[in-house]
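Colleague: I'd like to ask you about the structure that follows.
The values are calculated or read from the model by the stated rules, or taken from the named source; none is laboratory data. Quick caveat: nothing in here was measured; it's all calculated off a predicted structure. All Cβ positions, glycine included, derive from the backbone under ideal geometry; neighbour counts span all protein chains shown. These area figures cover heavy atoms from the full protein model, side chains too; ligands, DNA and RNA do not enter into them. Shrake-Rupley method; radii C 1.70, N 1.55, O 1.52, S 1.80 Å.
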Amino acid sequence: MGRMAASLPALRRNLELMPSPVPESPGLLVRDPFRYADGILILPPPLVPCLLLFDGRHDEADLREVLVRLTGSLEVGELLDHLRDTLSRGGFLENDMFEGMRTERHRSFEADTARGALHAGSAYPADPDDLRALLARYLAEAPSCPAPEGELIGIAAPHVSPEGGWRSYGAAYAQLRPRDRGRTFVVLGTSHYGEPERFGLTRKPFRTPLGETTIDEERVVRLARDGGPAVLLEDYCHSVEHAIEFQVIFLQHLFGAGVRILPILCGPFAHATRAGGRPEDDAGVARFLDALGVLAGQAGDEVFWVAGVDMAHVGRRYGDRFIALADQGPLADVAARDRDRCAALAAGDADGFWARLSADGDPLRWCGASPLYTLLATVRPGAATLLHYEQWNIDLQSVVSCAALAFMR
């Protein structure tokens, strides 16, 4: 009797898959956003359909049959082995090799004494002098905005790459003053890869080309103690997430390397988006928001709030059938809907904001939803001002919108 064909492991579901941006290497780009493995794979167009067989239900005989049909040759053994082994070595399959990579990366993050500057040298300069000069230019050339009326207690700035949202970054951070230097900056960042209905904390300082921050460890520990089961202390997502890192470099530029922060990653409120209702309908979310609200009330002027958030994500990259061009065609309607949501933020209306955002499952794909709702529900600002709004073509067919907002008591 012949040997049974070996089963094919399943392709991981949390990979990033997108058309290759490299003209000389067309195909499908496969990337691991969790950085368990650092490699990037570009699969040639003829081999893309083979990924459908890596679902845990097919075996190597099925893959061999498809490869024979694609190549017109019976000699596909080497190609089969190369495809399977490349996916495995890259950490793209749910198998023992991936489990080992994940375990090692989590262990490494736990042992790190600081959270490193993951995006230095790519999203912003790694050289300290170059970075200071760039940030100074962003602040100097930012759109001029009238000072908001009332006591400033927080801002919202983008988390898109600074080159794409620098006007909004500049408009937001231009609101801060030297008197804010001694405060703890509670930074609420979108957790793009975190678990739904979870909040990620860390006691690790953030290390950037400008130096190393201070962590408000006392308040981190208190939140971890009082926040309940929705809290993930030393959440691995901090090691790969950019939403807080980009805020840190602006804060360090303004207030020095050792600026004191309390970093909180906010996972998506998926249940409330799917089922309707409010995020607090989840008991874990409700308990954490209560704990953060108590901290906000007790801390008063000792803390300042920063939300690292983007808004709409539209176009081919995000699954839309149309090509999105900033401020053109259907993007005018996107801008109007973005501004309508900002009006609810300006009114401090948490319920109204969530009702607008969760309608129809949020076709605008606002990835700043959970940090903004968290800020509204816990800090309860009396008003907010939209300082600047913009749209950026993240590629030739897709747009991300972002803004600067100032929150007042």
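Colleague: Could you list, in sequence order, the residues of the stretch 136-160 that are part of a loop (DSSP other than H, G, I, E, B) and in contact (Cβ under 8 Å) with a residue 40 or more places away in the chain?
Modeller: If the condition is that a residue be part of a loop (DSSP other than H, G, I, E, B) and in contact (Cβ under 8 Å) with a residue 40 or more places away in the chain, then ALA142, PRO143, CYS145, PRO148, GLU149, GLY150, GLU151, PRO158, HIS159, VAL160 are the ones that fit.
Colleague: A further question on this structure: What's the total number of residues in the stretch 107-129 that are free of Cβ contacts under 8 Å to residues at least 24 places away in the same chain and in a helix (DSSP H, G or I)?
Modeller: 4
Colleague: Considering only the stretch 304-324, how many residues are touching a Lys or Arg at 6+ places or on another chain (Cβ under 6 Å) and open to solvent by less than 10 Å² (accessible area, probe 1.4 Å)?
Modeller: Qualifying residue count, the stretch 304-324: 1.
Colleague: Just to verify a result, which residue in the stretch 216-237, among those that are aliphatic (A, V, I, L, M) and under 21 Å from the mean Cα position of the chain (by Cα), is farthest from THR113 (Cα to Cα)?
Modeller: It comes out as ALA230.
Conditions tested, residue by residue: (1) farther than 22 Å from LEU262 by Cβ; (2) at pLDDT below 95; (3) surrounded by fewer than 17 Cβ atoms within 10 Å (Cβ to Cβ).
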| residue | (1), (2), (3) |
| --- | --- |
| ASP129 | yes, no, yes |
| PRO143 | yes, yes, yes |
| GLY150 | yes, yes, yes |
| GLY165 | yes, no, no |
| GLY211 | no, no, yes |
| ASP216 | no, no, no |
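Colleague: Same structure again: Limited to the stretch 185-209, what total is found for residues that are closer than 22 Å to ARG132 by Cα, open to solvent by less than 10 Å² (accessible area, probe 1.4 Å) and β-branched (Val, Ile, Thr)?
Modeller: Qualifying residue count, the stretch 185-209: 1.
Colleague: Output the residue which, of all residues in the stretch 8-41 that are acidic (Asp, Glu) and in contact with a strand residue (DSSP E or B) (Cβ under 8 Å, 6 or more places away or on another chain), is surrounded by the most Cβ atoms within 10 Å (Cβ to Cβ).
Modeller: ASP32
Colleague: I've got another one for you. For the stretch 355-364, give me each residue that is in a loop (DSSP other than H, G, I, E, B) and of a type in the set (D, E, K, R).
Modeller: Listed by number, the list holds a single entry, ASP362.
Colleague: Please name all residue pairs, on different chains or six or more residues apart, with Cβ atoms under 9 Å, provided the first residue is in the stretch 205-219 and is within 17 Å of SER122 (Cβ to Cβ) and the second residue is open to solvent by less than 60 Å² (accessible area, probe 1.4 Å) and aromatic (Phe, Trp, Tyr).
Modeller: Qualifying pairs under 9 Å: THR208/TYR124; PRO209/TYR124.
Colleague: For the stretch 43-67, name all the residues that are assigned to a strand (DSSP E or B) and surrounded by fewer than 16 Cβ atoms within 10 Å (Cβ to Cβ).
Modeller: Selection gives ASP59 alone.
Colleague: What are the pairs with Cβ atoms under 7 angstrom where one residue, in the stretch 257-268, is farther than 15 Å from THR378 by Cβ and open to solvent by 10 Å² or more (accessible area, probe 1.4 Å) and the other, located anywhere, is not hydroxyl-bearing (Ser, Thr, Tyr) and not in a strand (DSSP E or B)? Sequence gap at least six, or different chains.
Modeller: Pairs found: ALA257/LEU210; ARG260/ASP216; PRO268/PRO196.
Colleague: Moving on. When only residues in the stretch 269-303 that are surrounded by fewer than 16 Cβ atoms within 10 Å (Cβ to Cβ) and among the aliphatic types (A, V, I, L, M) count, which is farthest from TYR193 (Cα to Cα)?
Modeller: Filtering first and then ranking leaves VAL294.
Colleague: Sticking with this one: Can you name every residue in the stretch 240-260 that is in contact with a Leu (Cβ under 7 Å, 6 or more places away or on another chain) and either of a type in the set (Lys, Arg) or farther than 27 Å from ARG356 by Cα (or both)?
Modeller: Of everything in the stretch 240-260, those that are in contact with a Leu (Cβ under 7 Å, 6 or more places away or on another chain) and either of a type in the set (Lys, Arg) or farther than 27 Å from ARG356 by Cα (or both) turn out to be VAL240, GLU245, ILE249, PHE250, GLN252, HIS253, LEU254, ALA257, VAL259.
Colleague: Give all pairs with beta carbons closer than 9 Å in which a residue from the stretch 25-46 that is within 26 Å of LEU70 (Cα to Cα) and among the charged types (D, E, K, R) meets a residue that is buried (at least 16 other Cβ atoms within 10 Å of the Cβ) and at pLDDT below 90; count only pairs at least 6 apart in sequence or on separate chains.
Modeller: none
Colleague: Look through the stretch 69-90, keep the residues that are surrounded by 15 or more Cβ atoms within 10 Å (Cβ to Cβ) and among the hydrophobic types (A, V, I, L, M, F, W, C), and return whichever of them is modelled with the lowest pLDDT.
Modeller: Taking the candidates together, the pick is VAL76.
Colleague: Additional query: Mind checking whether some residue in the stretch 237-251 is open to solvent by less than 10 Å² (accessible area, probe 1.4 Å) and more than 28 Å from GLY165 (Cβ to Cβ)?
Modeller: Checking the stretch 237-251: not a single residue is open to solvent by less than 10 Å² (accessible area, probe 1.4 Å) and more than 28 Å from GLY165 (Cβ to Cβ).
Colleague: Could you tell me how many of the residues in the stretch 330-354 are open to solvent by 60 Å² or more (accessible area, probe 1.4 Å) and not in a helix (DSSP H, G or I)?
Modeller: Of the residues in the stretch 330-354, 3 are open to solvent by 60 Å² or more (accessible area, probe 1.4 Å) and not in a helix (DSSP H, G or I).
Colleague: If you check every pair at least six apart or on different chains, which have Cβ atoms under 7 Å apart with a residue in the stretch 51-76 that is of a type in the set (D, E, K, R) first and a residue that is open to solvent by 70 Å² or more (accessible area, probe 1.4 Å) second?
Modeller: Partner pairs satisfying both residue conditions: ASP59/SER7.
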